[in-house]
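To keep things clear, I will list the structure first and then write my remarks on it.
The values are calculated or read from the model by the stated rules, or taken from the named source; none is laboratory data. Keep in mind that what you see is a predicted model, and the values were worked out from it rather than measured. We place every Cβ from the backbone using ideal geometry, glycine too, and count neighbours over all the protein chains shown. The accessibility values were calculated without ligands, DNA or RNA, using every heavy atom of the protein model including side chains. Shrake-Rupley method; radii C 1.70, N 1.55, O 1.52, S 1.80 Å.
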Amino acid sequence: MGRCRKRFYEEYGQEFENDESFEIAYKQVKRIKGFYSHLKVYLIVNAVIIISNLSRDFSGIKLNEGAFFEWHTYSTAVFWGIGLAAHALSVFGRNIFFGDDWEKRKIQEYMSKQPVNKNKWE
């Protein structure tokens with residue numbers, strides 16, 4: 001049992017002990033947390049790889065301008081990025097950017113911006 005979950009159980013006692021919706025929500029939060037950890041490691045590791053490929057001089061002062069256009073500088077980031085995108089799809093589902101009710105919310109937003117009775121013929 002994780003520290004957060006243990007502390008939550010200690011604070012709220014038996015209220016959520018056998019609640020199935022709590023278990024589902026807890027698992028989803030763990031999956032989202034795992035994705036953001038994956039994203040953090042991806043950014044740090046690929047920044048180190050790209051910077052090390054760009055500065056091949058051991059002193060770290062001189063930049064290797066030719067490495068900007070070499071495939072091996074970015075290949076790890078590209079292939080790992082594909083895996084990260086697959087992880088994002090597995091966590092957030094197909095509708096990452098557009099949720100289930102996105103269209104409805106957008107229509108309501110545009111309708112609220114328009115004046116109430118904008119009829120040029122009356």
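Determine ³J(HN,Hα), in whole Hz, for all residues of the stretch 79-90 in sequence, where each value follows from phi through the Karplus function 6.51 cos²θ - 1.76 cosθ + 1.60 and θ = phi - 60°; x replaces Gly and Pro.
Working through the residues one at a time gives 5, 5, x, 5, x, 5, 5, 5, 5, 4, 5, 6 Hz.
When the solvent-accessible surface of protein heavy atoms is calculated with a 1.4 angstrom probe, in what order do Arg105, Arg94 fall, highest first?
I get Arg94, Arg105, largest accessible area first.
For the pair Ile50/Phe68, report the inter-label distance in nm, with labels modelled 7 Å from Cα in the Cβ direction.
Taking the simple label geometry, Ile50 and Phe68 are separated by 1.3 nm.
Check Ser55: other-chain or 5+ apart residues with amide H under 5 Å from its amide H, H built from backbone geometry?
Sorted by chain and number, the residues that satisfy this are Asn64.
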